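Notes to accompany the following structure.
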Amino acid sequence: MSIPTSLDVSRARPRLAELTVVDVRTPGEFASGHLPHAVNVPLDRLSRSLEELRQASGAKPLLIVCASGARSENAVATLASHGIPASSLAGGTAAWAAGGHDLQYPGGDTRARAVWAMERQVRLTAGSLVLLGLALGLLLHPAFSLLAAAIGGGLVFSALTNTCGMALVLGRLPFNRRGAESPSGADSPSGL
């Protein structure tokens, strides 16, 4: 059974039992609520899980999910470049929840952990570094203003390449790594 490159919530929900749902957010974000029966393979670990994902796609089509759909689109493109067909959930878990559909939590928790989405973490970090660079440039030495320029350049590069180095770095922080432990194995690719 094949699926298109992108599925919206109204088309994905009735087919959920026919799909292997792979959430590419960080474990911390995954712990804050995910689609039912999803497995967590963070985007930065995707290349290490290609063989397991290839095998899983042979049994059921893959539905790749993130917070908004941007990271899942990148993951679908990466998988396609390795000959693994997959579809991205348009709008991600935000669209799923906005449609009134329930999210699951590791360990049967019924409340979401307070972990911000990666896009929000990047905006906070980038904005803070720009303000810090400007403040240090005014108070200590004008060369510190280059920090603001470097962050601005990084944001432009990120938009042009549709990649985000800051998100990769933030994804490695402890609060983004913990919280996905689950007895069902949903925190690892072996849960596929």
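Odds and ends about this structure:
Residues checked against (1) open to solvent by less than 80 Å² (accessible area, probe 1.4 Å); (2) in a helix (DSSP H, G or I); (3) touching a strand residue (DSSP E or B) at 6+ places or on another chain (Cβ under 7 Å):
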residue: Leu53; (1), (2), (3): yes, yes, yes
residue: Ala67; (1), (2), (3): yes, no, no
residue: Gly83; (1), (2), (3): yes, no, no
residue: Ser145; (1), (2), (3): yes, yes, no
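For (1) without any contact (Cβ under 8 Å) to a residue 12 or more places away in the chain; (2) outside any helix (DSSP H, G or I); (3) more than 17 Å from Glu29 (Cβ to Cβ), each residue gets a yes or a no:
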{"site": "Leu50", "(1), (2), (3)": "no, no, yes"}
{"site": "Asn74", "(1), (2), (3)": "no, no, no"}
{"site": "Ala77", "(1), (2), (3)": "yes, no, yes"}
{"site": "Thr93", "(1), (2), (3)": "no, no, no"}
{"site": "Ala97", "(1), (2), (3)": "no, no, no"}
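- Close pairs from the range 16-30: first in contact (Cβ under 8 Å) with a residue 24 or more places away in the chain and of a type in the set (Val, Ile, Thr), partner in a loop (DSSP other than H, G, I, E, B) and open to solvent by less than 10 Å² (accessible area, probe 1.4 Å), Cβ under 8 Å, at least 6 apart: Val21/Leu35; Val21/Ala38; Val22/Ala38; Val22/Val41; Val24/Val41; Val24/Pro42; Val24/Cys66; Thr26/Pro42
- Top-ranked residue in the range 174-192 [being more than 20 Å from Leu50 (Cβ to Cβ) and exposed (fewer than 13 other Cβ atoms within 10 Å of the Cβ); ranked as modelled with the lowest pLDDT]: Pro183
- The test for being of a type in the set (Ser, Thr, Tyr) and within 12 Å of the chain's Cα centre (by Cα) does not hold for Thr5.
- The residues of the range 19-38 that are at pLDDT 95 or above and either in a strand (DSSP E or B) or open to solvent by 30 Å² or more (accessible area, probe 1.4 Å) (or both), listed by number, are Thr20, Val21, Val22, Asp23.
- Test: Leu79 is over 26 Å from Pro14 (Cβ atoms), surrounded by 18 or more Cβ atoms within 10 Å (Cβ to Cβ) and either hydrophobic (A, V, I, L, M, F, W, C) or touching a strand residue (DSSP E or B) at 6+ places or on another chain (Cβ under 9 Å) (or both): no
The values are calculated or read from the model by the stated rules, or taken from the named source; none is laboratory data. Computed from a predicted structure; not experimentally measured. All Cβ positions, glycine included, derive from the backbone under ideal geometry; neighbour counts span all protein chains shown. For the accessible areas, the whole protein counts, side chains as well, though only heavy atoms, and no ligand, DNA or RNA atoms are used. Shrake-Rupley method; radii C 1.70, N 1.55, O 1.52, S 1.80 Å.
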